[in-house]
Amino acid sequence: MTPQLAYYDLGPNVTAFSTTRHGGCSQGNYATMNVNAYCGDAAAAVAENRRLLARQLAVSTSSRILIPHQVHGSHVVCVDEDFLSLPSAAQQQQLEGVDALVTSQRHVCIGVSTADCIPVILYDAVHHCAAVVHAGWRGTVKRIARETALQLHSLFHSSYDQLRAVIGPGISLKNFEVGQEVYDEFCHAGFPMQQIADTATWPKPHINLPLCNALQLQELGVPASNIFDCGICTFDHVDDYFSARRLGVQSGRIYTGVVLH
């Protein structure tokens, strides 16, 4: 079995990707390529899928594939030499309640899990550092993409105008129907509602999560031309990508990651 990955071109010496549902050994709503251990999949299948992914990425062991236990917050963790020197159990403890990772370490894969939420990859070719962001609607309201870019600037002196970004597979405006309370959260957080929401086409409001995250980066100074939106809606493409709205929360997760070489 070989994991089928969607790759993103961020330049030489960096591998950026999202997993698809294909090329693993999980069953049912986890079929077949799920590497997330927090969503109810069989532990043996998750372990084997991680091994397969490590081999595909040419990462030394599956322990070098880092997956935080996300909570829809805005906490960012730096994967540095001190982190990598910790035992595996201590590393996992550091990844509890985390929704974004940043690193300049080579030959380690940092990534986030999604199944309709928006994954964002950030890469600075000048300082050869990267980040991955899990941006559900709650994290988006908290501007986690912006916070993660700020961390790259603080830790590695990244210049916003040189950052490159990928917005990976997630739910589209057409399919992200929300209640009035969610609409109000975005409104109260100061998002440009006429730009990011549609209240006229459907009975309930719809919100454009990919655009919300792109705008956060643009407001910091990331050029729009440096932001690549893959345009894949997980709800519409459930045969290839996991969608919690289509499959339920007891289902697999897409893993969007980056490896520096």
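The values are calculated or read from the model by the stated rules, or taken from the named source; none is laboratory data. In this text the structure is predicted, and so the values were computed from the model without any measurement. Every residue, glycine as well, gets a Cβ built from its backbone with ideal geometry; the counts of neighbours run over all protein chains shown. Ligands, DNA and RNA are excluded from the accessible area calculation, which covers all protein heavy atoms including side chains. Shrake-Rupley method; radii C 1.70, N 1.55, O 1.52, S 1.80 Å.
Structural remarks
- In the stretch 239-260, the residues that are of a type in the set (Gly, Ala, Ser) and under 18 Å from ARG64 (Cα atoms): GLY257
- Those residues of the stretch 161-173 which are of a type outside the set (Gly, Ala, Ser) and either touching a residue at least 40 places away in the same chain (Cβ under 8 Å) or open to solvent by 80 Å² or more (accessible area, probe 1.4 Å) (or both), in sequence order: ASP161, GLN162, LEU163, ARG164, VAL166, ILE167, PRO169, ILE171
- LEU211 vs. criteria aliphatic (A, V, I, L, M), at pLDDT 95 or above and closer than 13 Å to GLY170 by Cα: yes
- Candidates ALA149, ALA189, ALA197, ALA145, filtered to the one that is over 23 Å from ARG245 (Cβ atoms) and among the small types (Gly, Ala, Ser): ALA149
- For the stretch 81-119, the candidate set comprises residues that are within 19 Å of the chain's Cα centre (by Cα), free of Cβ contacts under 8 Å to residues at least 40 places away in the same chain and outside any helix (DSSP H, G or I); within that set, the residue that is surrounded by the most Cβ atoms within 10 Å (Cβ to Cβ) is LEU101.
- Pair list, Cβ under 8 Å, 6 or more apart: the stretch 174-203 residue aliphatic (A, V, I, L, M), other residue in a helix (DSSP H, G or I) and open to solvent by 30 Å² or more (accessible area, probe 1.4 Å): VAL178/TRP137; VAL182/TRP137; MET193/TYR183; MET193/CYS187; ILE196/LEU211; ALA197/TYR183
- Selection of the stretch 59-71 for residues being in contact with a helix residue (DSSP H, G or I) (Cβ under 7 Å, 6 or more places away or on another chain), surrounded by fewer than 17 Cβ atoms within 10 Å (Cβ to Cβ) and in contact (Cβ under 8 Å) with a residue 24 or more places away in the chain yields only SER63.
- Residue within the stretch 141-156 that is of a type in the set (Gly, Ala, Ser), assigned to a helix (DSSP H, G or I), open to solvent by 30 Å² or more (accessible area, probe 1.4 Å) and under 29 Å from PHE17 (Cα atoms) present: yes
- From the options ALA125, ALA131, residue that is touching a helix residue (DSSP H, G or I) at 6+ places or on another chain (Cβ under 8 Å), of a type in the set (A, V, I, L, M, F, W, C) and open to solvent by less than 40 Å² (accessible area, probe 1.4 Å): ALA131
- Output for the stretch 4-36, where each listed residue is in contact with a Phe, Trp or Tyr (Cβ under 7 Å, 6 or more places away or on another chain) and aromatic (Phe, Trp, Tyr): TYR7, TYR8, PHE17
- Number of the condition not met by PHE156 [criteria: (1) over 26 Å from ASP9 (Cα atoms); (2) of a type in the set (Phe, Trp, Tyr); (3) out of contact with any Pro (no Cβ under 9 Å at 6 or more places or on another chain)]: (1)
- Subset of the stretch 41-79 [in a loop (DSSP other than H, G, I, E, B) and either in contact with a Gly (Cβ under 8 Å, 6 or more places away or on another chain) or closer than 30 Å to ARG143 by Cβ (or both)]: ASP41, ILE67, PRO68, GLN70, VAL71, HIS72, GLY73, SER74, HIS75
- Restricted to the stretch 22-40, and to residues there that are open to solvent by 40 Å² or more (accessible area, probe 1.4 Å) and outside any loop (DSSP other than H, G, I, E, B), the residue that is farthest from LEU66 (Cα to Cα) is GLY28.
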